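The values are calculated or read from the model by the stated rules, or taken from the named source; none is laboratory data. As the structure is a computational prediction, the values presented were derived from the model and not from experiment. We place every Cβ from the backbone using ideal geometry, glycine too, and count neighbours over all the protein chains shown. Areas reflect the complete protein model, heavy atoms only, side chains present, ligands, DNA and RNA absent. Shrake-Rupley method; radii C 1.70, N 1.55, O 1.52, S 1.80 Å.
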Amino acid sequence: MKTDFLVIGSGAAGLSFALKAAEKGHVTIVTKGEMVECNTNYAQGGICSVTYEPDTFEKHITDTLVCGAGKCDVKAVELVVRRAPELIQDLIAWGTRFNKTPDGRFELNREGGHTEHRILHYEDLTGAEIERALIQSVKQHPNITVLEHHFAVDLLTQHHLGEFVTRHTRNITCFGAYVLNEKTGEIQTMLSRFTIVATGGCGQIYSSTSNPHVATGDGIAMCHRAKAITENMEFIQFHPTTLYNPGETPNFLITEAMRGFGAILRLQNGEEFMDKYHPMKSLAPRDITARAIYREMTRRGEDYVYLDVTHKPAEAIRDHFPNIYEKCLSIGVDITKDWIPVTPAAHYSCGGVKVDLNGQSSIKRLYVLGEASCTGLHGANRLASNSLIEAVVYGDQAAKHTMERFEKVGFQEGIPDWDFEGTQHTEEMLMLIQSKREVQSIMSNYVGIVRSNLSLKRAMHRLSILFEETEELYNKTKPVRELCELRNMIAVAYLVIKQGRELQESVGCHYNTDYKR
């Protein structure tokens, strides 16, 4: 199969890129589940953009840099912040709705780390609303083909031509991908002029996460195997407030916008505690808030704290957070009267495949967008609601860059089809679930909110055993989605641990007790 643009993933980054690139050539989108199964669909809070005074670009830039703890790429920050208003208009043109005040102005929220109200939102389902509009537009576009239940196994590079490739990634070019048709079991060779990896994050490497089951780090792992440069993988952001509801997975997110609305974090005895950790109290940046909650839970031997919004008018609570209200009500918690039990959970990867200002990786013709990428915007800690706007800004940057080069790039012939069938090993395949749980246990116990040199060393040792077992199985087995996902999770977990061990300081989301701040 040949396509001008091969987009792997169906979140805001991939779909917004597809809608623009489709004006130049044919786009094929492959996604391993249904189109709506992506991190974008789970994003509640909103999307950042400087909209009204007294907010300014300079304020948004400063807030992002402060939150990023000195690890941001200033050029990336300026690009995203300054282009945000323009890209918001693109989302609106594609049919995205945002809440407005009675006088017709956008209703703006404020979240942790922000000094101004600049979060556009649609109730408490902003990501789902953006995803709805993008999917509708994609399905209506005659130049876009969507292949659901298609799993990208690996990227195609010179390695598949039998050519010698040096360790320097600037000599590597991507020609497409091997893609597993989950319904037929066939692995297809998909050639493309440009390949865009927009597969989302890797939250599923942890036992407790707000990420959907599809967030197994597939894109990052594929790019890593193809020798792309990755960076900042140690900066895994834990969302401070997910609903404490044992047995439910993934964790249901309680948006940070609720704290921006005025909700207060309390211990189980009712005591406020965030004033001990940060002058912004319950609106402190996410890394500080998550660690504060972790410390208090550890100190008291408790599994959750409370989020209290009961002092706000009941009607306003229901209007602003209808989805959260209904969800909590389903487990017997009326948020207009009851405090919400919350606990931190793995939420967002601030690192990923290193890309330039056009979204291009260190591998030629390979672009990485959204959470799978590391643009440098987030640094060591993501400012709330910056991720959705980053996705569409870089989707636009990549679309422009690839379209400018379109006529100069053709298809690579001579790529061999997948020729290894393998056999199914039923007993070993049944162990995949246990191996996945082991990965999640290792990461949660040793590479969580608080880490140490010893915990990272132990994590690497235990993960290496799983790596050897999984590679042995992969090399003799017909690929199936579950096995490929496990392999990807192990690869991404390895990068998180490795880069965490290399960073000999405590900063942002990476809190190592051996290096005092």
### Query
How many of the residues in the range 252-288 are over 17 Å from W339 (Cα atoms) and either outside any loop (DSSP other than H, G, I, E, B) or modelled with pLDDT of 95 or more (or both)?
7
#### Entry: the range 320-331, subset surrounded by fewer than 21 Cβ atoms within 10 Å (Cβ to Cβ) and in contact (Cβ under 8 Å) with a residue 60 or more places away in the chain, residue nearest to the chain's Cα centre (by Cα)
N323
### Task
Please determine, by comparing only the residues of the range 115-150 that are among the aliphatic types (A, V, I, L, M) and in contact with a Ser or Thr (Cβ under 7 Å, 6 or more places away or on another chain), which one is most open to solvent (accessible area, probe 1.4 Å).
L147
### Task
Output the qualifying pairs, or none if there are none: Cβ atoms under 8 angstrom, residues six or more apart or on different chains, first residue in the range 245-270 and over 23 Å from R295 (Cβ atoms), second residue aromatic (F, W, Y) and open to solvent by 40 Å² or more (accessible area, probe 1.4 Å).
P250/Y42
### Query
Hey, R97 hits all of (1) closer than 30 Å to A284 by Cβ; (2) open to solvent by 60 Å² or more (accessible area, probe 1.4 Å) but one; which does it fall short on?
(1)
### Message
Six or more apart or on different chains, Cβ atoms under 6 Å: show the pairs whose first residue is in the range 185-204 and over 16 Å from A13 (Cα atoms) and whose second is at pLDDT below 95 and among the acidic types (D, E).
### Response
T189/D417
### Summary
Residue pairs within 6 Å by beta carbon, gap of at least six or interchain, first lying in the range 458-474 and of a type in the set (K, R), second open to solvent by less than 40 Å² (accessible area, probe 1.4 Å) and at pLDDT 95 or above, listed first then second, are R462/I442
### Task
For residues that are in a loop (DSSP other than H, G, I, E, B) and either under 11 Å from A399 (Cβ atoms) or among the hydroxyl-bearing types (S, T, Y) (or both), tally how many sit in the range 1-13.
1
### Task
Scan the range 184-241 for residues that are assigned to a helix (DSSP H, G or I) and either aromatic (F, W, Y) or crowded, with 24+ Cβ neighbours inside 10 Å (or both) and jot them down.
G203, Q204, I205, D218, G219, I220, A221, M222, C223
### The listed residue being surrounded by fewer than 23 Cβ atoms within 10 Å (Cβ to Cβ), among the charged types (D, E, K, R), in contact (Cβ under 8 Å) with a residue 24 or more places away in the chain and in a loop (DSSP other than H, G, I, E, B), out of D334, D356, D303
D303
### Message
Six or more apart or on different chains, Cβ atoms under 7 Å: show the pairs whose first residue is in the range 54-83 and within 20 Å of L283 (Cα to Cα) and in contact (Cβ under 8 Å) with a residue 60 or more places away in the chain and whose second is assigned to a loop (DSSP other than H, G, I, E, B) and open to solvent by 70 Å² or more (accessible area, probe 1.4 Å).
### Response
D63/T115
### Query
Can you tell which of L466, L430 is of a type outside the set (D, E), more than 21 Å from D218 (Cβ to Cβ) and over 23 Å from the mean Cα position of the chain (by Cα)?
L430
### Message
Suppose we filter the range 306-331 for residues that are within 25 Å of G247 (Cβ to Cβ), assigned to a helix (DSSP H, G or I) and not polar (S, T, N, Q); how many remain?
### Response
7
### All positions within the range 447-468 that are closer than 15 Å to K498 by Cβ and open to solvent by 50 Å² or more (accessible area, probe 1.4 Å)
N453, K457, R458, H461, R462, F467
### Message
Take the conditions charged (D, E, K, R), open to solvent by less than 20 Å² (accessible area, probe 1.4 Å) and farther than 23 Å from L503 by Cβ and apply them to D396. Does it pass?
### Response
yes
### Summary
With the first residue restricted to the range 429-441 and required to be modelled with pLDDT of 90 or more and open to solvent by 20 Å² or more (accessible area, probe 1.4 Å), and the second required to be not small (G, A, S) and not in a helix (DSSP H, G or I), Cβ contacts under 8 Å at 6 or more apart or on different chains are Q440/Y206
### One residue from G422, G410 being in contact with a Lys or Arg (Cβ under 6 Å, 6 or more places away or on another chain), farther than 30 Å from G127 by Cα, small (G, A, S) and open to solvent by less than 60 Å² (accessible area, probe 1.4 Å)
G422
### Task
Please specify each residue of the range 494-512 satisfying the condition of being out of contact with any strand residue (DSSP E or B) (no Cβ under 7 Å at 6 or more places or on another chain) and either assigned to a loop (DSSP other than H, G, I, E, B) or of a type in the set (A, V, I, L, M) (or both).
I497, Q504, E505, V507, G508
### Task
Hey, can you tell me all the residues within the range 82-128 that are of a type in the set (A, V, I, L, M, F, W, C) and more than 17 Å from F57 (Cα to Cα)?
L91, I92, A93, W94, F98, F106, L125, A128
### Query
In the range 14-32, is there at least one residue being in a loop (DSSP other than H, G, I, E, B), of a type in the set (G, A, S), modelled with pLDDT under 95 and surrounded by 17 or more Cβ atoms within 10 Å (Cβ to Cβ)?
no
### Message
Can you confirm whether R295 is open to solvent by 60 Å² or more (accessible area, probe 1.4 Å) and either within 22 Å of S210 (Cα to Cα) or among the small types (G, A, S) (or both)?
### Response
yes
